[in-house]
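Asks: Got a structure here, written out as structure tokens. Questions coming.
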Amino acid sequence: MINRRAIDSYAIFWLLGIAFLWWPFLLVVSLSDRRPATRRPLALLITTACLAVSLLLAGVNASPSRLVGAFINLTVWIILCRCLSREANRVEGEGVVRGLLDLALFQGVLVVGARVVYPSLSGDTLPLARLLPSSLAGDANVAAFSTVRLAIPDYYDGVVIRTAGIFANPTWAGAFAAVGILILLFAPGSLSPSLRRPTVRAALVVLLGITLYYSYARIDVLGLLVASVAVVAVKARRIIHPSLWMASAFTTAGALVAVLPLLPFSSWLADLNSHREGSLVARVDIYGPTLRGVSLAATPLLGAGTKDRVEGLVASLGTHSTYLGLAYRGGVLAAVAFVVLLVALGARSFKRNASLAFGFVCFLALFSITDDIDAGHLLPLLLIVIHGSTTPEPPVVEELLGGA
């Protein structure tokens, strides 16, 4: 069973410098759940199976470090399959929600502290990471979690101090802060009594907002706005007459269709991107070869298994997009199944008026366009929260969130 304590343990793994081992640890924890499977999350099983088969076939030629990274990534999907195949219970739902918020606040405090004392601590190696073999410690994926990157210099229309938080990557740090803000704003029932007061919640939103700001991650800010609108829309559906709600929804959609083509999106995008042109350029450089790799695969049902490194690119192929990454590593079927999963969870959340769950689906769907949902962060656990709030018997997280 995945509970609050298991999720909070990530903080200990990070402080020791071995956060890259947290997902395998969570897999062991999940294996202790002896409850029988009551459902078959077919779409998720297909994605996981495609990744597993592709990884197995790639094992002959892939480097050991790539295989280890791909295996750790696979544990994420195995854990999700186990959790979503069982009925959610109140303890598990409460543990996931509160654990996510715990880590978001823990990260927020560390980021503020690191920003105040910068450049002290920045780049320091965490304790147990100093004991790692040089071959392993030098791996970029390991180094991202074994060194302090709470405040790091970067270029954003000039030199700025960004944060990678406790999740190795600024975009992931900002995304997790955004998730914490959503919980604080729309899930007061998940908080302890001392945190439910409006002034306390407002202060905590500001704390997490600092992390979000210093991540300089535009997709996270956009995701927070879209998810907030989605939550409010579903909440409004509960109190507004269905015909009036539908009329409002169609009117809004019609207005957007009429107005959006008239807006100068190209110039806005150019102005927004001018502050950090390398971000978009780097993604486009990765997307092109990734798409070619998918189209040239021996069979579209099987992928490369691992994320191949190409000289000249800032990251491996199959990165910076969950949809493209799944298609590249696991095959087209893996990506399509994941999309089906998100659509199904979104439809169930909307039907059951689980507003926060629907907001989380929107956040994940948008975030997945430009970034990865993998072992680098804890966003996959949102799928467990969504599952819990849309399970017919009992509606665990929906009760937990006070009718959110």
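Asks: So, in segment 11-32, how many residues would count as being surrounded by fewer than 18 Cβ atoms within 10 Å (Cβ to Cβ), within 24 Å of the chain's Cα centre (by Cα) and closer than 26 Å to residue 104 by Cβ?
Replies: Final tally of qualifying residues: 9.
Asks: I've got another one for you. For segment 364-392, what are the residues that are surrounded by fewer than 24 Cβ atoms within 10 Å (Cβ to Cβ), farther than 24 Å from residue 107 by Cβ and free of Cβ contacts under 8 Å to residues at least 60 places away in the same chain?
Replies: 392
Asks: If we keep just the residues of segment 208-243 that are buried (at least 18 other Cβ atoms within 10 Å of the Cβ) and among the small types (Gly, Ala, Ser), which is nearest to residue 367 (Cα to Cα)?
Replies: Filtering first and then ranking leaves 223.
Asks: Conditions: (1) assigned to a helix (DSSP H, G or I); (2) of a type outside the set (S, T, N, Q); (3) under 21 Å from the mean Cα position of the chain (by Cα). Residue 2 meets all but one. Number of the miss?
Replies: (1)
Asks: Kindly list, by first and then second residue, each pair from a residue in segment 350-363 that is at negative phi and outside any helix (DSSP H, G or I) to a residue that is buried (at least 24 other Cβ atoms within 10 Å of the Cβ) and β-branched (Val, Ile, Thr), limited to pairs with Cβ atoms under 6 Å and residues at least 6 apart or on different chains.
Replies: Close Cβ pairs (under 6 Å, with a partner that is buried (at least 24 other Cβ atoms within 10 Å of the Cβ) and β-branched (Val, Ile, Thr)) amount to 352/390; 354/390.
Asks: Let me ask another. Here is a list of conditions, (1) closer than 30 Å to residue 144 by Cβ; (2) touching a Pro at 6+ places or on another chain (Cβ under 6 Å), and residue 196 meets all of them except one; can you say which number that is?
Replies: Among (1) closer than 30 Å to residue 144 by Cβ; (2) touching a Pro at 6+ places or on another chain (Cβ under 6 Å), the lone unmet condition for residue 196 is (1).
Asks: Then there's this: Quick one: how many residues across segment 50-69 are buried (at least 19 other Cβ atoms within 10 Å of the Cβ), closer than 14 Å to residue 140 by Cα and modelled with pLDDT of 80 or more? So that I can check it myself, show each step before the final result.
Replies: Taking segment 50-69 and keeping what is buried (at least 19 other Cβ atoms within 10 Å of the Cβ), we get 50-51, 54-55, 58, 62, 66, 69.
Next cut, closer than 14 Å to residue 140 by Cα only: 66, 69.
Those left that are additionally modelled with pLDDT of 80 or more: 69.
The total comes to 1.
Asks: Separate question: Is there any pair linking a residue in segment 324-341 that is more than 9 Å from residue 43 (Cα to Cα) to one that is basic (Lys, Arg), with Cβ under 8 Å and at least six apart or on different chains, and which?
Replies: 325/307; 328/307; 329/307
Asks: Would you please name the residue that is surrounded by the most Cβ atoms within 10 Å (Cβ to Cβ), looking only at residues in segment 311-335 that are of a type in the set (A, V, I, L, M, F, W, C) and within 13 Å of residue 294 (Cα to Cα)?
Replies: Step by step, filter segment 311-335, then rank; the result is 326.
Asks: Among the numbered criteria (1) over 26 Å from residue 191 (Cα atoms); (2) surrounded by 17 or more Cβ atoms within 10 Å (Cβ to Cβ), which single criterion is violated by residue 83?
Replies: Answer for residue 83: the failing condition is (1).
Asks: Within segment 1-39, can you find the residues that are among the basic types (Lys, Arg), in contact (Cβ under 8 Å) with a residue 40 or more places away in the chain and more than 17 Å from residue 385 (Cα to Cα)?
Replies: Kept after step one, since they are among the basic types (Lys, Arg), are these residues of segment 1-39: 4-5, 34-35, 39.
Now drop any that are not in contact (Cβ under 8 Å) with a residue 40 or more places away in the chain, which leaves 4-5, 35, 39.
Within segment 1-39, just 35 meets the criteria.
Asks: For the structure I just gave you, tell me whether residue 198 is modelled with pLDDT of 90 or more and over 24 Å from the mean Cα position of the chain (by Cα).
Replies: Against the criterion (modelled with pLDDT of 90 or more and over 24 Å from the mean Cα position of the chain (by Cα)), residue 198 qualifies.
Asks: Since residue 292 meets every condition but one in (1) within 23 Å of residue 68 (Cβ to Cβ); (2) in a helix (DSSP H, G or I), which condition does it not meet?
Replies: So the condition that residue 292 fails would be (1).
Asks: So which pairs qualify, if the first residue must be in segment 132-158 and assigned to a loop (DSSP other than H, G, I, E, B), the second must be at pLDDT below 75, the Cβ gap must be under 7 Å, and the two must be at least 6 apart or on different chains?
Replies: So the pair list comes out as 139/65; 156/275; 156/276; 157/275; 157/276.
Asks: Restricting to segment 300-330, name every residue that is hydrophobic (A, V, I, L, M, F, W, C), in a loop (DSSP other than H, G, I, E, B) and closer than 18 Å to residue 368 by Cα.
Replies: Matches in segment 300-330: 315, 317.
Asks: Can you pull out the residues in segment 115-150 that are within 26 Å of residue 212 (Cβ to Cβ), charged (D, E, K, R) and within 23 Å of the chain's Cα centre (by Cα)?
Replies: 149
Asks: Search segment 281-297 for residues that are free of Cβ contacts under 8 Å to residues at least 40 places away in the same chain and pair each with any residue that is crowded, with 17+ Cβ neighbours inside 10 Å and of a type in the set (Phe, Trp, Tyr) when their beta-carbon atoms are under 8 Å apart and the residues are at least 6 apart or on different chains.
Replies: Hits for this filter: 290/328; 293/328; 294/328.
Asks: Tell me which residues, restricted to segment 86-131, are under 23 Å from residue 162 (Cβ atoms), free of Cβ contacts under 8 Å to residues at least 40 places away in the same chain and surrounded by fewer than 17 Cβ atoms within 10 Å (Cβ to Cβ).
Replies: The answer is 113, 116, 117, 119, 120, 121, 123, 124.
Asks: For the subset of segment 164-187 comprising residues that are part of a loop (DSSP other than H, G, I, E, B) and small (Gly, Ala, Ser), which member is modelled with the lowest pLDDT?
Replies: Across segment 164-187, the extreme among qualifying residues is 168.
Asks: Hey, another quick one. Out of contact with any Cys (no Cβ under 6 Å at 6 or more places or on another chain) and in a loop (DSSP other than H, G, I, E, B): is that true of residue 73 in this structure?
Replies: no
Asks: Something else now. Within segment 288-305, work out how many residues are at pLDDT below 85, of a type in the set (Ser, Thr, Tyr) and buried (at least 17 other Cβ atoms within 10 Å of the Cβ).
Replies: 0
Asks: Quick one: in segment 132-163, of everything that is loosely packed, with under 14 Cβ neighbours inside 10 Å and more than 21 Å from residue 315 (Cα to Cα), which residue is modelled with the lowest pLDDT?
Replies: Taking the candidates together, the pick is 157.
Asks: Continuing with this model, one more query. Picking from 144, 187, which residue would you name as being closer than 24 Å to residue 375 by Cβ and of a type in the set (A, V, I, L, M, F, W, C)?
Replies: Details: 187 fails: closer than 24 Å to residue 375 by Cβ.
Step by step, each of 144, 187 is checked, and only 144 is closer than 24 Å to residue 375 by Cβ and of a type in the set (A, V, I, L, M, F, W, C).
The values are calculated or read from the model by the stated rules, or taken from the named source; none is laboratory data. Keep in mind it's a predicted model, so treat the numbers as computed, not measured. Heads up, the Cβs are rebuilt from the backbone with ideal geometry, glycines too, and the neighbour counts pull from every protein chain shown.
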